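Coordinate-derived values only; no laboratory data. Everything quoted here is computed from the prediction, not taken from an experiment. Cβ sites come from the backbone with ideal geometry, for glycine too, and all protein chains shown count toward neighbours.
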Amino acid sequence: MNKLSVVLATRNEEANIKRCLESVKDIADEIIVVDEYSTDRTRKIAEELGAKVFKEPHHEIFHITKEKALEKATGDWILQLDADEVITPELAGEIRSVINNQKLEIPPDKMRLFARHQELVEKRDGAIGKKAGGDVAGYFIPRRNIFLGKPLIHAGVYPDGVIRLVKNGKASFPQKSVHEQIEIDGEVSWLSRDLLHYDSPTLAKYLMRLNRYTDLHAGELKKKKVPKNIFFFVHYLLFKPLYTFLNLYIRHLGFLDGARGFLWSFFSASHFPVSYFKYLTGRD
C-alpha cells in the first residue's frame with residue numbers, strides 16, 4: 001500500500017481547519033500543516049487532530065508556504081489541500097484507489113467536460129505536465145464551490161479543476177504568482193469525484209478575498225508595466241468587465257443560479273476595474 005501525505009499551508013483558519021482535517025483522517029498516513037504564525041487556534045486544532053505542525057513567516061505569495069509543505073511530506077503521494085476544502089467519502093475512496101494503481105473509469109461525457117476545462121487552463125497557463133506516454137504524476141480534482149451557502153453550478157465555475165493529488169518528488173510550485181499552476185514532472189490525469197470548496201460562505205468573506213486578489217493583480221500589472229492611458233483605461237473599466245460578466249452570466253448560464261449567479265458574475269467582472277484602479281493609484 002502506498003502512503004499518502006496530506007499537506008496544508010494555513011493562516012488563521014480556525015473556522016475551517018477541523019472540518020478539512022476530519023475529512024481526510026481515514027486516508028492520510030500523515031498530515032502536515034505549515035502555518036504562517038496564525039493568531040487564532042489554527043495550530044492548536046491541527047495538533048489535536050494529529051497533524052505535524054510547523055511555523056512559517058507570512059508570504060504575500062502563499063505558494064511559497066505551500067511549497068514548504070510539499071517538501072516536508074514523506075508519503076509516496078501527496079494530497080495538497082486548502083483549509084476551506086473538504087474531501088467527501090466518495091473522493092477519499094477514489095484517491096486511495098488510484099494511488100494504489102487501481103484503474104479509474106470516468107464516464108465519457110464527464111471526461112469531455114474535464115478535457116475541455118483542462119484545455120482552457122492550459123491556454124491560460126501553458127502546458128501542464130508531460131503528454132501521454134509516461135507515468136501519471138498528478139491528478140486534477142473537480143471542485144464544487146460553495147458560494148453563499150450553496151453549491152454554485154453554473155457561471156463557468158464547474159468543474160474548477162485543481163491539481164491536488166501529486167506523486168512525491170514530481171510536483172512543485174513556481175512561487176511567482178498567486179494564480180500560478182503547480183508544475184508536474186509527468187503525465188496529468190483526472191479524478192471524477194468532487195472536492196467541496198467552502199471559500200465564500202458569506203459575502204463579507206468573498207469581498208475580503210476579492211480585495212486581496214485585486215491587490216495582487218495590481219502588483220502584476222505594475223511588474224508588466226501596463227500602460228496608463230485612455231485605451232487601457234477603457235479596456236479594463238469597460239470592455240474586459242463587460243465581456244466577463246456576459247460570458248459568465250449569459251453564455252455559462254449564471255442566471256440559472258439566481259441571485260448568487262448574478263453576484264458571482266458581477267464581482268468576477270469587477271476584479272478588472274478594481275485591479276486597474278489600484279494600479280493607477282500606486283497600490284500594489
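Things worth noting here:
- Taking every alpha-carbon pair under 8 Å whose residues sit at least 6 apart, the chain reaches a relative contact order of 18 percent.
- Projecting the alpha carbon convex hull of the range 1-143 along each direction and taking the average yields 9.5 nm².
- Neighbours of Ser192 by Cβ distance under 13 Å: Lys/Arg scored +1, Asp/Glu scored -1, total +1.
- Estimated inter-spin distance, Asn247 and Ser97, nm [label 7 Å along Cα→Cβ]: 3.4 nm
- Fully extending the segment from His58 to Lys150 would add 30.0 nm, taking 0.36 nm per residue of separation and subtracting the current Cα-Cα distance.
- Only Lys, Arg (+1) and Asp, Glu (-1) charged, at Cβ; the chain dipole about Cα centre in debye: 900 debye
- The chain - mean residue ellipticity at 222 nm from DSSP helices (-39,500 (n - 2.57) per run, n ≥ 4, rounded to 500): -12000 deg cm²/dmol
- For Lys278, a cut-off of 13 angstrom between C-alpha atoms picks up these aspartates and glutamates, skipping any fewer than 8 places away in its own chain: Asp215, Glu220.
- Helices of the chain meeting both criteria, an alpha-carbon length of 27 angstrom or more along the long axis and an average Kyte-Doolittle score not below -1.0, with helices taken as full DSSP H segments, are 203-223, 258-280.
- Taking only the Cα atoms of the range 202-280, the ratio Rg/Rh comes out at 1.02, with Rh defined as the Kirkwood radius.
- Other residues whose C-beta falls under 13 angstrom from the C-beta of Glu13 contribute a net charge of -1, scoring Lys and Arg +1 and Asp and Glu -1.
- 29 Å Cα-Cα threshold exceeded, pairs from Lys150/Lys176; Lys110/Lys223; Lys66/Lys205; Lys52/Lys130; Lys44/Lys222; Lys44/Lys68: Lys150/Lys176; Lys110/Lys223; Lys52/Lys130; Lys44/Lys222
- Extension gain (nm, one decimal) between Arg116 and Arg19, 0.36 nm per residue minus Cα-Cα: 31.8 nm
- Asp199 long-range amide H proximity, modeled H, under 5 Å: Ile146
- In percent, rounded to a whole number, the relative contact order of the range 214-284 is 55, using alpha-carbon pairs under 8 Å and six or more apart.
- Point-to-point label distance, Tyr213-Asp40, nm (Cα→Cβ direction, 7 Å offset): 2.0 nm
- Gain on full stretching of the segment that runs from Met1 to Lys130 - 0.36 nm per residue minus C-alpha separation: 43.9 nm
- In terms of the mean number of neighbouring beta-carbon atoms within 10 Å, the peptides 235-242, 110-117, 223-230 order highest first as 235-242, 110-117, 223-230.
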